[in-house]
Amino acid sequence: MRRSKMTAAQTNSALAEHINAFREHFDSVILPMWIGPGFNDALGLPFESLDAATGQPLPAERYRAMACARQLYVYAEAPGAAAGAHADRLFASLRRLFRDESHGGWRYSIDAVGRPLDDTQDLYTHAFIVFACAAYFRRSRNADARKLLLATAETIESRFKAADSLYHAALSPDWGQVLRGPAQNPMMHLTEAYLAAAQVAEPALFAQRLRGLAQAMTQSFLSAPTQCISEAPQGAAGNRIEPGHQFEWLSLVRGAADVFDGLDLAESLPRGVHWARGHGVDAGGVIAALDERGGVLDDTRRIWAQTEYLRVLAVVGDLPALVSALGHFRTRFLHAGGWYECLDGSGNVVRADMPSTSPYHLATCLAALPAVV
C-alpha cells in the first residue's frame, strides 16, 4: 500500500515539532554541557571530548585552537547573558594560549597543561579564527575581535595563498615549507570564514577573494562525472567525494547568492547535491565517502554530515524531505545526555565520545532551519 502524502498543514506541524524539540535539546542539554563539565576552568578552554555515556571529560592530551574557535562561535551566537560571558572567556583564552607571537599566525595545539604542542601553521585553524572572531564581534562589538579577524585574513592571503588562487592547507611553523598542499575542506571553511568576515568588515574585498577562490575550486576540484567537489584536486590518488561537503558548499553559496552570481561553482553545486542525495543518502542517513561511480568508500554516518543534509534541505526548501530527515536524526543521533558522534549503516554506535567541535555543526544547522512556533 502506498503511503499517503502529508498535507501542507501536516508537514508544517511536524516540522515545527521536530525543530522545537531539536532547539530545546540544544539549549537545555548541549549548551550547559560545555559551560559545566565540558569546560576546563583552570585553562579556560573546553575539553576536547566528553564521554557520551556519562557526559564527563575524557583524559586531555591536547587542546586545539580550532576547537576553541568553534566553541567561541557557538556561544557568541547563543542567546543569554551566560552565553555571552562564556564567549568573552573563550575569546580571551584563544588569544592568550594560541597566538603564535614568535612567527605570527596561530599555533595548532597546546598540551594538557597549556604548553605549546604543535606550532604547524594550519589553514583550517586560521579560517576558524576568522569565522569565530566575526561572530564574536557581531555580538560583543569588541574592537579587538575585528582587528584579529582582519590581521588573520591578511596572514592567510600573504602566507597560505598559492599562485593559482588556491590555498595551501598547512605550512611549517616558520612558514618556510609547505607541509600539505590545497585541500577541499580547509578552503570550504575559508569560504565560510570570509562570508562571515564580509558581514563586519571590508565586504567588497572579501567578495573579491571569495569569487577568486570559488573559481579556483571549480577549476581544480570539480568532478566532471558527478559535478561534486572532491576532497583532493582532480587526478590525486585515492581521491573521494564526501556527500556532506556537497551539502555544506551549497548552503554557503546559496546564503550569499550575490557574491557567487554568475560563477561556475554556483551552477555546478545544485547538480552535485542532486548526485550526492541520490548516491550518498539512504535509510541510515548520509554516507561518509563515495567514489565517482557512487561506490561506498566509508559507510560511517557522522553527525556533522547529517546536520549538513538537514541544513541544505532547509536552504533549498524541500520541507517534506526535511521533516523525514529531522525525525530520523532525532531518533538516531540525539539522546538524553547529548548526541552520538558516529554510527554505522545499521545504526550501531562506532564512536563513543562527544567532541567539543560538533556543537558548531548543530548550531549552524539550527540557524538555517525555518523559524517556527
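With the simple spin-label model, which puts each label point 7 Å out from Cα in the Cβ direction, the Ala162 to Ser28 separation comes to 5.0 nm. Remark on Ser49: its backbone amide H falls under 5 Å from those of Leu58, Ser356, a criterion applied only to residues 5 or more positions apart or on other chains, H modelled at 1.01 Å from N. Would any residue of region 26-41 have its amide N under 17 Å from a label point 7 Å out along Cα→Cβ of Arg89? List them or say none. What the label zone holds, given the 17 Å backbone N cut-off, is 30-41.
Which of rounded, prolate, oblate describes region 37-104, given a ≥ b ≥ c as roots of the alpha-carbon gyration tensor eigenvalues and a/c under 1.5 marking rounded, otherwise prolate only if a/b is larger than b/c? Here region 37-104 falls in the oblate category. Computed with a 1.4 Å probe over protein heavy atoms only, the accessible area of Arg351 comes to about 100 Å². Largest accessible area first, the listed residues Tyr108, Tyr136 line up as Tyr108, Tyr136 when surface is computed with a 1.4 Å probe on the assembled protein chains.
Computed FRET efficiency, Cβ-Cβ of Asp111 and Glu267, R0 35 Å: what is it to the nearest 0.05? Each step should come with its number before you reach the end.
On the way: r = 46 Å, r/R0 = 1.33.
Efficiency, rounded to the nearest 0.05: 0.15.
With both labels modelled 7 Å from their Cα along Cα-to-Cβ, the Ser172 to Thr54 distance reads 4.3 nm. Taking amide hydrogens as placed 1.01 Å from N in the peptide plane, the amide H of Asp353 sits under 5 Å from those of Ala52, Glu341, each at least 5 positions away in sequence or on another chain. Using alpha-carbon pairs under 8 Å, 6+ residues apart, how would you state the relative contact order of the chain in percent? Value for the chain: 17 percent.
Assuming a ≥ b ≥ c are the square roots of the Cα gyration tensor eigenvalues, decide whether region 207-326 counts as rounded (a/c under 1.5), prolate (otherwise, with a/b larger than b/c) or oblate. Since a/c reaches 1.5 but b/c is at least a/b, the shape of region 207-326 is classed as oblate. In the chain, the portion of solvent-accessible area held by carbon and sulfur atoms comes to 50 percent [1.4 Å probe, whole percent, DNA, RNA and ligands not counted]. Measuring only protein heavy atoms, the 1.4 Å probe finds His103 accessible over about 80 Å².
Can you give me the accessible area per residue for region 103-226, using a 1.4 Å probe, in Å²? Walk me through the numbers before you get to the answer.
Numbers: 4670 Å² over 124 residues.
About 38 Å² of surface per residue is accessible.
Classify region 144-238 as rounded, prolate or oblate from the Cα gyration tensor: take a ≥ b ≥ c as the square roots of its eigenvalues, call it rounded if a/c is under 1.5, otherwise prolate when a/b beats b/c and oblate if not. Because a/c hits 1.5 or more and a/b fails to exceed b/c, region 144-238 counts as oblate.
The values are calculated or read from the model by the stated rules, or taken from the named source; none is laboratory data. All of these numbers come straight from a predicted model, not from anything done at the bench. Neighbour counts run over all protein chains shown; Cβ positions are idealised from the backbone, glycine included. Areas reflect the complete protein model, heavy atoms only, side chains present, ligands, DNA and RNA absent. Shrake-Rupley method; radii C 1.70, N 1.55, O 1.52, S 1.80 Å.
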